[in-house]
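The structure appears below as structure tokens.
Just so it is clear, none of the values below were taken in a lab; they were calculated from the coordinates. A quick note: this is a predicted structure, and the numbers were derived from the prediction, not measured. Ideal geometry is used to build each Cβ from the backbone, glycine not excepted, and the neighbour counts take in all protein chains shown.
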Amino acid sequence: MLMLELSKEDLEKLVKLQEIDSKIIKLELKLKELPEEIKRFEEIAQTRRNKIARIDERIEELSQRRKELERIINESYKKIEESKKKKAQAKNLEDYKEAIKLKAEAEKGIIKATKEIEQILKELNQLFREREKMESSVAEFEKKIARKEEEIQKTKKMLERKLRELGGLREQLVSEISPEVVEFYEEKKYEFGGNVFVPVYNKTCSGCSMQVPSAQYTKLLRGEGLVYCPNCGRILFIEDGNRG
Ligand SMILES: [Zn+2]
């Protein structure tokens, strides 16, 4: 453990520096999380767009089938016409029977195809309605995304402005502290992944919630040099107005 004697003034400045750093970390995190909110909307909009694409595929499939069925119906009507001629020109019973059979088959084909077209029209109707719903939902989400984007841009600018302010304050403060003290702080900050200086409340380290032993506590009250928490190793301090 690096032993460094910090003056009371140094300690106060480092606590301030630590406050600034923790604010900076929070703001940077917020800045990073901003686009996440839009991502969710975009995902929903994309799911709906995919659904529309699937609906369109099905509509195309059904439309093709409908054309095919209409072709079958047309051909069946032609066959009925043919069968009428055949019937009129029948030379024997065989020809006559043949003509009747042709007509019956064609009629059966027309009925079957017509029923299928009815089903297709029902499904198409449903698909168009669903498509319309999906489209208005996509439009709604696109509006939401645009609004959110605007909001995010504003928030981003505000956060960046705050970050610049804090950066300035930090620079000013660092310039008032000797480099080795700043270095000591930076190393400790890295070691603890954040707070190095932690206040003591009710004789308890607020870094790890362990009771501070009497000897250390007395040292703290007297302001005799650096007092480390024997449990977590952070540097303890007592906030003004919290003494006694
Ligand atoms: Zn501790």
Next on the checklist: Straight-line reach from K13: which aspartates and glutamates fall under 19 Å, measuring Cα to Cα and dropping same-chain residues less than 8 apart?
Outcome noted: E5, D21, E165, E171, E176, E180, E183, E186, E187, E224, E239, D240
Item to check | When each of K26/K51; K86/K108; K122/K144; K51/K144; K51/K157 is checked by Cα-Cα distance, pairs over 29 Å | outcome: K26/K51; K122/K144; K51/K157
Checklist entry - Going by the alpha-carbon gyration tensor, a ≥ b ≥ c the square roots of its eigenvalues, is segment 69-128 rounded (a/c under 1.5) or, if a/c is not under 1.5, prolate (a/b greater than b/c) versus oblate? => result prolate
Checklist outcome for this item: For K148, the aspartates and glutamates lying under 16 Å Cα to Cα, once residues fewer than eight places off in the same chain are dropped, come out as E33, E36, E37, E42, E43, E140
Item to check | 18 Å Cα-Cα reach of K219 towards lysines, excluding residues that sit fewer than 8 places from it in its own chain | outcome: K8, K203
Item to check | Cα long-axis angle, helix 93-175 against the chain (0 to 90 degrees, to the nearest 10) | outcome: 10 degrees
Item to check | Net charge contributed by nearby residues that have their C-beta within less than 15 Å of I38 (K/R +1, D/E -1) | outcome: 0
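Counting each DSSP H run of 4 or more residues in the chain as -39500 (n - 2.57), what helix-only mean residue ellipticity at 222 nm follows after dividing by all residues, to the nearest 500 deg cm²/dmol?
Calculated at 222 nm, the ellipticity per residue is -28500 deg cm²/dmol.
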Checklist entry - In segment 49-67, which residues have a backbone nitrogen under 16 Å from the label point lying 7 Å from E123's Cα in the Cα-to-Cβ direction? => result 54-67
Checklist outcome for this item: The answer for trypsin sites (Lys or Arg not before Pro) in segment 164-244 that fall in a DSSP coil and have at most 11 neighbouring Cβ atoms within 10 Å is R243
Checklist outcome for this item: Scoring the chain by relative contact order with C-alpha pairs under 8 Å, at least six apart, yields a percentage of 26 percent
Next on the checklist: Tell me the angle of helix 8-88 to the major Cα principal axis of the chain, expressed in degrees between 0 and 90 and rounded to the nearest ten.
Outcome noted: 0 degrees
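At 0.36 nm per residue, minus the direct Cα-Cα distance, what do A146 and E68 gain on full extension? Give it in nm, one decimal, please.
On the way: separation 78, 0.36 × 78 = 28.08 nm, distance 4.40 nm.
Here the answer is 23.7 nm.
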Next on the checklist: Given the C-alpha atoms of the chain, compute the convex hull and give its volume per residue in Å³.
Outcome noted: 220 Å³
Checklist entry - What is the calculated FRET efficiency for T218 to S22, with r their C-beta to C-beta distance and R₀ = 35 Å, to the nearest 0.05? => result 0.75
Item to check | Approximate spin-label separation C232-N202, in nm, with each point projected 7 Å along Cα-to-Cβ | outcome: 1.6 nm
Checklist entry - In a Debye calculation with equal point scatterers on the alpha-carbon sites of segment 24-73 and no solvent, what is log10 I(q)/I(0) at q = 0.27 Å⁻¹? => result -0.91
